[in-house]
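Notes for the one structure printed next.
The values are calculated or read from the model by the stated rules, or taken from the named source; none is laboratory data. Worth saying up front: this structure is predicted, and the values here are computed from it rather than measured. Cβ sites come from the backbone with ideal geometry, for glycine too, and all protein chains shown count toward neighbours.
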Amino acid sequence: MYLAPQPLKEEYLLTGDLEPTNEWYAIAKISGVKLCEAIRKQFGKDFVSLMPTNLYGPFDNFDLQTSHVLPAMIRKFHEAKNNNNSSVTLWGSGIPMREFLHVDDMAKAVVFAVENELSEHLYNLGTGTDVAIKELAETIQKVVGHTGDIIWDSSKPDGTPRKLLDVSKMNKVGWKAEYDLLNGIESTYKWFISNIEEIKEVKLN
């Protein structure tokens, strides 16, 4: 879905080239989706694939070496705040757009799919809105209470310019995300603070 039309509709799957930096991961995911579709067609089973956008929330991975953008920013700003509000360096320009879904909304979508008979085999899950990485960083900075500088390292790649899902199909059948991004970040940071010692232990182990 590299440079695919936005927002991304379910029917766009396999209509273009895969994003070259993660095509192996994409193939694995697509294989699962097509397997569920085949079982649904051949055996009449009520199998459904839910395709979420970027997830975040409590119990996320906050390791700076392996985490995704949102939890990594939470940890970076938190540690910088505790280090006399030192500056935080982030990759790229901050221009790319990304969509984020709270894990509680994802969990509710899974329950919804289990409890309701859905007519199609694949549904996008997201909020239907996206945000520039720069705005995401500024929001997290405000929630954390960091007052230092943000430095954008333009020598590092931006990645795909935009990834926004069309979630109209799932919305029409009755599910809709409840968390807005600010409330979701606030709840995630609150969990992070409450579990910081456990998170540090995981890092050490």
Problem - Checking residue 139 against (1) in a loop (DSSP other than H, G, I, E, B); (2) touching a residue at least 12 places away in the same chain (Cβ under 8 Å), the condition it does not meet - result: (1)
Practice task
Output the number of residues of segment 27-54 satisfying the condition of being crowded, with 17+ Cβ neighbours inside 10 Å and closer than 19 Å to residue 159 by Cα.
Solution key: 2
Problem - Matching residues in segment 153-188 - criterion: being in a strand (DSSP E or B), at pLDDT 95 or above and surrounded by 17 or more Cβ atoms within 10 Å (Cβ to Cβ) - result: 165
Handout entry: Residue in segment 135-152 that is at positive phi, exposed (fewer than 14 other Cβ atoms within 10 Å of the Cβ) and at pLDDT 95 or above present
Key = yes
Exercise for the section: Could you check, for segment 150-160, whether at least one of its residues is in contact with an Asp or Glu (Cβ under 7 Å, 6 or more places away or on another chain) and under 30 Å from residue 113 (Cα atoms)? Expected result: yes
Handout entry: Condition met for residue 116 (modelled with pLDDT of 95 or more, farther than 18 Å from residue 78 by Cα, surrounded by 15 or more Cβ atoms within 10 Å (Cβ to Cβ) and in contact with a helix residue (DSSP H, G or I) (Cβ under 9 Å, 6 or more places away or on another chain))
Key = no
